[in-house]
Amino acid sequence: MTKTKQNTLFVGTLAKGLRVLRAFDETHTELSLTELSEITCLDKSAVQRLANTLHLEGMLDKDPVTRRYRPSHAWLKLAYAYYWSDPLIARAMPKLIDLSQRLGETVNLAQLSGQEIIYATRLPSTRTTFAASVSGRTVPALCTSAGQAILATFPPEERATAVQSWLLERHTPQTVMDRATIAEQIEIVVQKGFSITYSQLILSEVGIACAIRGPDGRAWSAVQCSVSSHHWNDDRIRSEILPWLQDTANAISPLPPKGKQ
């Protein structure tokens with residue numbers, strides 16, 4: 001028996017309903033009851049009751065002709081509530097806008113979510129695709145400049161555990177899948193204080209990231225910039241992007257409590 005099921009406060013029906021909601025993503029935007037049952041591994045009759053309840057509660061829209069379900073505007077309302085609940089986003093947004101205008105390139109606020117990076121705020125450039133402009137995308141932290149920048153602030157034992165056990169997922173032929181190589185990359189970030197990755201999520205894309213450190217020196221977020229290697233070489237990135245990225249991350253980092261400066 002799992003720990004969650006041993007928890008007397010655990011509500012199994014609610015958990016199943018959340019499984020139905022989590023079935024939707026960028027590759028599953030509209031789903032039938034059969035598809036929901038297959039993805040969630042729940043009985044179709046149970047899925048029917050859950051999906052109908054979520055529809056009546058305003059969490060899912062239902063096409064009257066095809067009878068397929070899709071996320072409703074309620075999801076945007078939840079995202080809106082999240083943005084107001086996270087003080088880091090309010091503190092970071094003006095500085096991210098300024099950075100985006102200075103660089104003319106895509107700028108992201110990335111946060112660690114379990115073993116993944118979630119792009120909480122995205123300021124696209126004129127060349128950014130739709131997929132790269134939508135907040136909420138998650139990717140394995142080990143594959144990203146932001147994830148490596150954040151992990152570099154963790155204690156050595158935690159870094160080693162993450163490198164050995166966290167999720168890896170190939171996005172391009174150049175995505176690094178060798179954990180020893182990733183460990184070496186993160187140790188370089190520890191020494192240099194920033195991360196640069198190449199073609200890890202998109203071919204010819206260069207990711208540059210600096211951690212947003214807390215008062216204890218540890219980070220859970222990072223400022224990240226994505227550029228094309230066709231327009232930017234290493235020298236230009238290090239001279240024209242990196243200093244501004246570092247300044248922005250430092251400006252967002254909260255000050256230590258009084259008496260601990």
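Details
- In region 160-171, the qualifying residues are those that are loosely packed, with under 15 Cβ neighbours inside 10 Å and not aliphatic (A, V, I, L, M), and the one that is nearest to W232 (Cα to Cα) is R170.
- In region 192-199 there is at least one residue that is at positive phi, among the polar types (S, T, N, Q) and either without any contact (Cβ under 8 Å) to a residue 40 or more places away in the chain or assigned by TED's automatic domain parsing to the domain that holds T138 (or both).
- Qualifying position, being part of a helix (DSSP H, G or I) and either buried (at least 17 other Cβ atoms within 10 Å of the Cβ) or not charged (D, E, K, R) (or both), among T181, T197: T181
- Put simply, of T13, T66 the only residue that is exposed (fewer than 14 other Cβ atoms within 10 Å of the Cβ), among the β-branched types (V, I, T) and assigned to a helix (DSSP H, G or I) is T13.
- R67 being on the phi > 0 side of the Ramachandran plot, of a type outside the set (G, A, S) and out of contact with any Lys or Arg (no Cβ under 7 Å at 6 or more places or on another chain): yes
- Of all residues in region 41-51, those satisfying the criterion of being under 30 Å from the mean Cα position of the chain (by Cα) and on the phi < 0 side of the Ramachandran plot are L42, V47, L50, A51.
- Meets criteria (more than 20 Å from the chain's Cα centre (by Cα), in a loop (DSSP other than H, G, I, E, B) and either at pLDDT 95 or above or crowded, with 16+ Cβ neighbours inside 10 Å (or both)) for Q174: yes
The values are calculated or read from the model by the stated rules, or taken from the named source; none is laboratory data. Keep in mind that this is a model prediction, so the values were computed, not measured. Cβ coordinates were reconstructed from backbone atoms using ideal geometry, including for glycine residues, and neighbour counts include every protein chain displayed.
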